[in-house]
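*Asks:* Please see the structure below; I have some questions.
A short reminder: the numbers here are calculations on the coordinates, not readings from a lab. Everything quoted here is computed from the prediction, not taken from an experiment. A quick note on method: Cβ atoms are made from the backbone with ideal geometry, for glycine too, and the neighbour counts reach across all protein chains shown.
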Amino acid sequence: MNIAVFSTKPYDKSYLDAFNKNYGHQLTYFESSLKKKSTKLTKGYDAVCIFVNDQIDEATLADLAENEVKLIALRCAGFNNVDLKAAKKHNIKVVRVPSYSPEAVAEHALALIMTLNRKTHKAYNRVRESNFSLNNLTGFNIFGKEVGVIGTGQIGAAFCRIMLGLGCRVSAFDIHESEELKSLGVQYKTLDMLYAQSDIISLHCPLNSKTSHLINKESLEKFKPGAMLINTSRGGLVDTTAIIEALKSHHLGYLGIDVYEQEENLFFEDLSERILQDERILRLLSFPNVLITSHQAFLTREALDQIADTVLSNISAFEANKPLVNEIS
Ligand code: NAD
């Protein structure tokens with residue numbers, strides 16, 4: 001099939017090209033994202049391949065339909081950026097990569113926790129400048145702490161297993177409880193109990209109308225003072241303004257995020273020579289107890305292998321009129 005690949009980075013191209021030797025599709029790579037403004041690029045393509053910050057809203061979908069695009073193949077699990085109702089209306093199928101190495105994201109959540117706690121990023125810079133002082137580097141033992149996990153699907157479950165392995169008490173909230181996790185020792189609680197009792201809270205649920213701004217002023221007030229919040233899921237789960245207030249008042253002790261509400265204007269790009277206009281990210285960057293990475297939790301060799309293989313096999317299944325096992329409807 002003739003596929004326009006949007007938001008392409010060098011690693012996307014190298015992994016997709018390598019796996020495409022087994023599939024034989026025609027891939028054209030565009031660095032730009034796919035949104036209403038860039039739909040003219042999709043003329044002549046049967047399918048588009050997109051990532052987390054492409055904006056597939058009603059207007060974009062209308063143009064795709066006019067250009068006779070029949071398939072949207074996501075290179076990710078989350079699909080909050082696609083208007084599924086409008087896709088259905090225009091008879092455009094949407095497929096995703098539901099699971100690719102959930103450990104990649106779960107391990108990144110752990111990396112954020114460890115770095116924030118033991119301040120290895122600060123120690124690294126200090127020692128390089130011959131500053132061997134330990135002042136202000138005190139952390140806490142992860143062992144024995146209570147970790148609250150919101151969303152225990154593929155990634156949340158992998159994260160639960162990691163934290164159990166570290167000797168934490170792991171509690172969770174999900175609209176579907178996992179018997180397997182319960183048998184491993186995970187205790188499901190109400191959200192209010194999880195907020196009040198957790199030393200570390202990690203978000204692993206999808207972004208949708210029910211979870212948008214799940215972490216807001218009211219929920220933050222229920223957090224244990226000094227708790228750590230980790231978000232590797234989607235920026236919109238968290239009300240950034242409320243988070244900034246909670247950090248200023250010292251009620252929130254640490255924040256580690258791989259995702260940010262307005263990340264589409266920032267993440268994945270080198271903006272080091274630009275003047276950033278986003279006041280809230282600048283405020284977040286000013287806190288010593290905040291660690292931000294730019295949506296890299298998925299970025300392992302194993303995950304990129306699985307993403308490329310699943311994307312191309314989804315497209316081949318569509319082309320061959322086979323059942324679309326990874327269709328989002
Ligand atoms: P999944 O579908 O396997 O699991 C999601 C879980 O959330 C499910 O168990 C579901 O029941 C639960 N859930 C749904 N609504 C909920 C609610 N209102 N409250 C609590 N739980 C709820 O998905 P996954 O593969 O584990 O991925 C989770 C999220 O991680 C994705 O939606 C995506 O946004 C994000 N993600 C981020 C990265 C990254 O690089 N940072 C990479 C992959 C996925």
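*Asks:* With the checklist (1) under 21 Å from H121 (Cα atoms); (2) within 16 Å of the ligand (Cβ to nearest atom); (3) touching a strand residue (DSSP E or B) at 6+ places or on another chain (Cβ under 6 Å) in hand, flag the one item L203 doesn't pass.
*Replies:* Evaluating L203 over (1) under 21 Å from H121 (Cα atoms); (2) within 16 Å of the ligand (Cβ to nearest atom); (3) touching a strand residue (DSSP E or B) at 6+ places or on another chain (Cβ under 6 Å) leaves (1) as the failure.
*Asks:* If the Cβ limit is 6 Å and pairs must be 6+ apart or interchain, which residue in the range 202-214 that is free of Cβ contacts under 8 Å to residues at least 24 places away in the same chain and under 17 Å from P102 (Cβ atoms) pairs with which residue that is within 7 Å of the ligand (Cβ to nearest atom) and in a loop (DSSP other than H, G, I, E, B)?
*Replies:* none
*Asks:* What single numbered condition from (1) surrounded by 11 or more Cβ atoms within 10 Å (Cβ to Cβ); (2) closer than 16 Å to M228 by Cα fails to hold for T138?
*Replies:* Exception for T138: condition (1).
*Asks:* In the set K217, K210, which member is more than 20 Å from C76 (Cα to Cα), within 21 Å of the chain's Cα centre (by Cα) and among the charged types (D, E, K, R)?
*Replies:* Selected residue: K210, the only one of K217, K210 that is more than 20 Å from C76 (Cα to Cα), within 21 Å of the chain's Cα centre (by Cα) and among the charged types (D, E, K, R).
*Asks:* Quick check, is F30 within 22 Å of E269 (Cβ to Cβ) and not polar (S, T, N, Q)?
*Replies:* yes
*Asks:* State yes or no: is G185 near the ligand (Cβ under 10 Å from one of its atoms) and touching a residue at least 12 places away in the same chain (Cβ under 8 Å)?
*Replies:* In short, no.
*Asks:* Out of the helices (runs of 4 or more DSSP H) lying entirely within the range 228-329, which hold 1 or more residues that are under 30 Å from N141 (Cα atoms), away from the ligand (no atom under 16 Å from the Cβ) and without any contact (Cβ under 8 Å) to a residue 40 or more places away in the chain?
*Replies:* In the range 228-329, the matching helices (runs of 4 or more DSSP H) lie at 240-248, 279-285.
*Asks:* Look through G148, G156 and report the one residue that is in contact with a Lys or Arg (Cβ under 8 Å, 6 or more places away or on another chain), of a type in the set (G, A, S) and surrounded by 18 or more Cβ atoms within 10 Å (Cβ to Cβ).
*Replies:* It is G148.
*Asks:* Additional query: Kindly establish whether N131 is over 28 Å from H204 (Cα atoms) and either not in a helix (DSSP H, G or I) or not hydroxyl-bearing (S, T, Y) (or both).
*Replies:* Yes: the conditions hold for N131.
*Asks:* Restricted to the range 206-219, and to residues that are under 17 Å from A246 (Cα atoms) and surrounded by fewer than 22 Cβ atoms within 10 Å (Cβ to Cβ), which residue is nearest to the ligand (Cβ to nearest atom)?
*Replies:* Out of the qualifying residues, it is L214.
*Asks:* Return the total of residues in the range 162-181 being in contact (Cβ under 8 Å) with a residue 12 or more places away in the chain, assigned to a helix (DSSP H, G or I) and within 13 Å of the ligand (Cβ to nearest atom).
*Replies:* 2
*Asks:* I'd like the full set of residues that are farther than 15 Å from I201 by Cα and polar (S, T, N, Q), limited to the range 155-187.
*Replies:* S178, S183, listed by residue number.
*Asks:* Among the numbered criteria (1) in contact with a strand residue (DSSP E or B) (Cβ under 6 Å, 6 or more places away or on another chain); (2) surrounded by fewer than 17 Cβ atoms within 10 Å (Cβ to Cβ); (3) hydrophobic (A, V, I, L, M, F, W, C), which single criterion is violated by F132?
*Replies:* (1)
*Asks:* Okay, moving on. Since A18 meets every condition but one in (1) within 16 Å of F268 (Cβ to Cβ); (2) surrounded by fewer than 17 Cβ atoms within 10 Å (Cβ to Cβ); (3) touching a residue at least 40 places away in the same chain (Cβ under 8 Å), which condition does it not meet?
*Replies:* A18 satisfies every listed condition except (1).
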